[in-house]
Structures are given as C-alpha cells and as structure tokens.
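Only one structure is covered here, and it is reproduced in the block below.
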Amino acid sequence: MPNTISFPGLNWTFTIDPVAFQIGGWKVHWYGILIAVGFALAVLYGLRLCKKTGEIKVDDVLDMLIVIAPIAVIGTRLYFCAFHFDYYAQHPIEILYIWDGGLAIYGGVITAVICALIGCRIKKVSVLSALDLTAMGFLIGQIIGRWGNFVNAECFGRDIAAAADGSYPFYAMQVSTHPQSAVHPLFLYESLLNLVLFLILHFRFPYRKFRGETFFCYMAGYGAIRFFTEGIRGDDALLLWNTDLRVSQVLAAAFCVTALVLILVFRIRRRKQLNDAAADAMIREITAPAEPETAAAEAPAGEIGSPDGEAPEKTEPEPPAETPAEPQTGEGEEN
C-alpha cells in the first residue's frame, strides 16, 4: 500500500509505494534497494581510502567484507527484534522480513566491530585502521539508509502543533501512518547531521593524530546526534526493559562519553611518545662522539696536500739551457 508523506509548510506531497518492483512473486522494496546502494557506495569509498592511505591491503579489506557485511546486517535485525521480543516470539517468521524495516544501527556497529577484531587478528592488520575505514562506511550507509525510513513513513518525531492560523513550520511533516498531526522529520534530521559528520571526518582524515581517531570521533559524533534525535522521537522507540528509558538514547550517551575518554587517552599517550622520542633524540645528539677533523681543518694556512701543514717552498724556475752557436764559414777563411 502506498504511503503519503507531505510537508504542508512547503506544499510538498509525495505518494510512494514501498515496493519498487516485483519479479514474479518476489517484491523488491525501496528500503532494501537503498540499503544496498548505501553498502555499495560505502565499499567503493572504503577501497579508495584504503588505496590512498596504504594502511591495509585492498584484498584484505575485501576478504573481511565478505564475512562482516552479512553478519552486521543480521546483527542490526537481531538487535531490533530483541527489544520487540514479545511480538517476534509470536511471529518468528517475520524476523526475516528486513525489507519491512526494523534495523537497529547499534546492533550492526557492535557486530561489525567484533567481527573486525577477529578478522584483523587473522589477517594481521591494524585494528584501529580497519575501524577508521568502518566508521566512514557506516556513515555513508546511514546517510542513504535513512531515506528508506522516509519511503516506509517511519522513524518520525514528536507531534508539531499548528499555529493559530492552522499553518505549520516548513520542516513539519505529515505521514499517512500518523495522520492525526504533523511530526518532526526525524529521518531527515539524522541523514543531514550524518552528512555533516561525514564531511568533517572526510576532510580531517589525512590529519589524524593517531590511528583509530576517526572511529572514536564517529562514536562521539554519532552518539551526540542520536542522543538528540531520540530525545524528540515520537514513533516506535525502543525502551529499556521495564523502564521509560530509551535504549538508543542510553547507548548514544554511553558511546559519546566512552569515545571522548578514548580520544583523550590516546592523545595523551601520543604526546608522551612524541616527548620521549624528542628527549631520546636530544640525548643521542649530546652523547654522540665527535667526528674526526679533516686535513683542511687541521692546516688552514697551508695548501691541501702539504704533509706538515706548511706551504711548499717556492723555487725559481731554472733558465733554459743555452744552445751552442753553430760555426760560421766565410770566404776569407783558410782551408
């Protein structure tokens, strides 16, 4: 059934069928297409970045992706289903219906990090470098994947009251799944904020202070973004068991604080390493033996090649030897 999404403040209305096309009895959903496009772009970007930095071999990245990608998708789904256990316990077959939505990014991040740790150990590559690449790929997937929520008319925020004249602000959104009031376009907020975070990390990537900094900045930045968006979420938000706390908001705060602490620890450690290296270099310079002086330095007044440093005695050139005069013969001489 098509969903209707409108922005009354802008006079924009979209009617979108979640099913893009059908092959026989198999329905291909826009949500799945967008997830696939996001994944493909993330892989292409990651391989380009991998070649540019040279920190990890492309073949190693591809080998790990073949295993990590499907496991991460499974992790996102299982994480979501775990917090809707009562429903999926009664409809277990629907756990497989990922095209209907219901993917939690935290499940994918946690699963991907665990798999990356194992894969890096097997391939003997830098874990922190791999996490930097993973963070950039996750952001690309999130930027595009959030538009799957737009097509499915889900992931929206709290209600927005109309003004006295019945008008709405330009950002207010109305969806057919929640017709009673306009709401915050939460999917749009998160997609745009993720885009900003991606651009910051992209241009800052060559200036990382240490490996892993990009991943920690992603954790901190996305944690702050998600803490904000979950605070104004109005639809099916995941709640911590038997509490009113939102799972994603609690995790977002934990991600952000943990990442900031790790950034601080790594920077302090790097500064200490730089100071130790500078001190070692200074000690080596002070304690290094003096270099032998050259012959030119030993005898600055003499000519190079003089054995005792004194200028060789100058001798006057000898005059050319005189040749004897040839005998002359004349007419008056006697024979």
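The values are calculated or read from the model by the stated rules, or taken from the named source; none is laboratory data. Remember, predicted model here, so these are calculated numbers, not experimental data. All Cβ positions, glycine included, derive from the backbone under ideal geometry; neighbour counts span all protein chains shown.
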Check your understanding: Mind checking which residues of segment 235-283 are at pLDDT 85 or above, of a type in the set (Phe, Trp, Tyr) and farther than 23 Å from ASN149 by Cβ?
Key -> PHE266
Review point. Can you name every residue in segment 4-17 that is loosely packed, with under 12 Cβ neighbours inside 10 Å and either among the hydroxyl-bearing types (Ser, Thr, Tyr) or at pLDDT below 90 (or both)?
Key: THR13, THR15
Check your understanding: So is ILE95 more than 18 Å from the chain's Cα centre (by Cα), among the β-branched types (Val, Ile, Thr) and surrounded by 14 or more Cβ atoms within 10 Å (Cβ to Cβ) or not?
Key -> yes
Study note, to complete from the structure: Contact list, first residue from segment 140-154 and hydrophobic (A, V, I, L, M, F, W, C), second anywhere and part of a helix (DSSP H, G or I) and crowded, with 23+ Cβ neighbours inside 10 Å, beta-carbon distance below 6 Å, six or more apart or interchain, is ILE140/ALA42; ILE143/ASN194; PHE150/PHE187
Practice item. Sort through GLN142, GLN90 and tell me the only one that's among the polar types (S, T, N, Q) and over 22 Å from TYR222 (Cβ atoms). Key: GLN90
Review point. In segment 149-200, how many are among the small types (Gly, Ala, Ser) and modelled with pLDDT of 90 or more?
Key: 3
Exercise for review: Tell me, yes or no, whether segment 186-197 has at least one residue that is farther than 25 Å from PHE14 by Cβ and either free of Cβ contacts under 8 Å to residues at least 12 places away in the same chain or surrounded by fewer than 18 Cβ atoms within 10 Å (Cβ to Cβ) (or both).
Suggested key: no
Review point. (1) buried (at least 18 other Cβ atoms within 10 Å of the Cβ); (2) at pLDDT below 85; (3) not hydrophobic (A, V, I, L, M, F, W, C): which one isn't true of THR134, the others all being true?
Key: (2)
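Among the residues of segment 120-162, what is the count of those that are outside any loop (DSSP other than H, G, I, E, B), of a type in the set (Val, Ile, Thr) and either farther than 15 Å from PHE215 by Cα or in contact with a His (Cβ under 7 Å, 6 or more places away or on another chain) (or both)? Let's see the steps before the verdict.
Quick first cut of segment 120-162, residues outside any loop (DSSP other than H, G, I, E, B) only: 120-123, 127-151, 157, 159-160.
Filter again for of a type in the set (Val, Ile, Thr), leaving 122, 127, 134, 140, 143-144, 151, 160.
Going one step further and asking which of them are either farther than 15 Å from PHE215 by Cα or in contact with a His (Cβ under 7 Å, 6 or more places away or on another chain) (or both), we end up with 122, 143-144, 151, 160.
Number of matching residues: 5.
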Check your understanding: Which residue pairs have Cβ atoms under 9 Å apart, sit 6 or more places apart or on different chains, and have a first residue in segment 168-181 that is part of a loop (DSSP other than H, G, I, E, B) and a second that is among the acidic types (Asp, Glu)?
Key -> THR177/GLU154; THR177/ASP235
Point to revise | Residues that are touching a residue at least 40 places away in the same chain (Cβ under 8 Å), under 21 Å from ALA259 (Cα atoms) and among the aliphatic types (A, V, I, L, M), drawn from segment 106-126 | key: ALA112, ALA116
Check your understanding: Which residues, counting only those in segment 37-87, are surrounded by 17 or more Cβ atoms within 10 Å (Cβ to Cβ), among the charged types (D, E, K, R) and free of Cβ contacts under 8 Å to residues at least 60 places away in the same chain?
Key -> ARG77
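Regarding ARG211, is this residue surrounded by 15 or more Cβ atoms within 10 Å (Cβ to Cβ), under 27 Å from ARG269 (Cα atoms) and either of a type in the set (D, E, K, R) or at pLDDT below 90 (or both)?
On the way: surrounded by 15 or more Cβ atoms within 10 Å (Cβ to Cβ): yes; under 27 Å from ARG269 (Cα atoms): yes; either of a type in the set (D, E, K, R) or at pLDDT below 90 (or both): yes.
Yes: the conditions hold for ARG211.
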